[in-house]
Amino acid sequence: MQINRLLEIVYVLLNQKSVTAKQFAERFSVSPRTIYRDIDTLSLAGIPVYTEKGKGGGINLLPEFVLSKSILSDKEQNEILSALQGLTNMGTVDSDHALQKLSAVFSKSVTNWLEVDFSDWSYSNAGIFYDLKTAILEHRIIEFEYYGASGEMTQRRIEPIQLWFKSKSWYIKGFCLTRQNMRLFKLTRIRELQITNEIFETRNLLSILPEPEPDENQKQFIEVVLKIDKEMAYRVLDEWSERNTVKLSDGSYKIIVTLPEDEWLYGTILAYGEYIEVIHPASLREKIKEKAKQIIRNHK
């Protein structure tokens, strides 16, 4: 939405001498404060936009400014269109209209070069992505129920800053008003997400490394050595880094990796069934044996 709005603000100012922040706010159904933030963004991007106070004042462009495609090379034009195409497909911004307008300005057709689907085969998180994107762009506080690794639920209020993808999972990074600290929250553990009407002022916190929830940080890490049969080669390639993988002469794989010992690790190993063997450590090997026996008992 912001890219659309920024582009339209420039187009309106090119055709009108002066427009007030209130007029723009009514046009886009946002607050005047949002319009002033947009003006700051345009100014930082090098667009000669300025404001005049008092009666007859408003938002203006310097008279000599012309939006011209000649300031960009053919390669730069293609890169801009490709970037907007990628953002459109990722759903991170509503850039369809901006893409159409710029492609017309540049006299270029748009190539759909990228397709992104954030959901996996069993879990659809497209809705939460859209809601979090809206909250981040509009600087709105969000509230939700959060389930920690222990299963305990807590109520949270955060100022959302960024969506993060790390280690095969999506997280929301934000300032937790409940804990008064920067935190990461795993999206799959969020329930009952609500976007409030409360606007927060931007904090200069992007460079601060957020803390995971405490239960994520208290796990014991161990070095694990696994042997996985060649029949599971497709899973080895999908799930394990090449730097942690050694292919053996019989076609099987040795995995050497340091991981937290928790239910995720146990479940991952057991999911390979008879095609995996824990080589090290002995304690993990015994733990898997006990869990396998419990599975057998559950199915008697």
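The values are calculated or read from the model by the stated rules, or taken from the named source; none is laboratory data. Since the model is a prediction, treat every value here as computed from it, not as a measurement. So basically every Cβ, Gly included, is an ideal-geometry build from the backbone, and we count neighbours across all protein chains shown. Remember, those area values only see protein heavy atoms, side chains included, never the ligands or the DNA or RNA. Shrake-Rupley method; radii C 1.70, N 1.55, O 1.52, S 1.80 Å.
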**OP:** Please enumerate the residues belonging to segment 271-295 that are of a type in the set (A, V, I, L, M, F, W, C) and either over 25 Å from Gly151 (Cα atoms) or touching a helix residue (DSSP H, G or I) at 6+ places or on another chain (Cβ under 6 Å) (or both).
**Re:** Ile276, Val278, Ile279, Ala282, Ile288
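Residues are listed down the side, and each one gets a yes or a no for (1) more than 27 Å from Ser241 (Cα to Cα); (2) at pLDDT 85 or above; (3) not acidic (Asp, Glu):
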residue	(1), (2), (3)
Tyr130	yes, no, yes
Thr134	yes, yes, yes
Phe144	yes, yes, yes
Lys168	no, no, yes
Lys186	no, yes, yes
Ile195	yes, yes, yes
Glu211	no, no, no
**OP:** Look at segment 19-37 and say how many of its residues are open to solvent by less than 40 Å² (accessible area, probe 1.4 Å) and over 19 Å from His139 (Cβ atoms).
**Re:** 1
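Please count how many residues of segment 225-256 are in a helix (DSSP H, G or I) and in contact with a strand residue (DSSP E or B) (Cβ under 6 Å, 6 or more places away or on another chain).
Result for segment 225-256: 2.
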Subject >> Failed condition for Val278, given (1) under 28 Å from the mean Cα position of the chain (by Cα); (2) outside any helix (DSSP H, G or I); (3) not polar (S, T, N, Q) >> reply: (1)
Original post:
How many residues are surrounded by 14 or more Cβ atoms within 10 Å (Cβ to Cβ), among the small types (Gly, Ala, Ser) and more than 15 Å from Ile279 (Cβ to Cβ) when one looks only at segment 226-254?
Top reply: 1
Original post:
Would you call Arg140 of a type in the set (Lys, Arg), modelled with pLDDT of 90 or more and over 30 Å from Pro281 (Cα atoms)?
Top reply: yes
Original post:
Pick from segment 139-177 the residues that are within 18 Å of the chain's Cα centre (by Cα) and not in a strand (DSSP E or B): which of them is surrounded by the fewest Cβ atoms within 10 Å (Cβ to Cβ)?
Top reply: Ser167
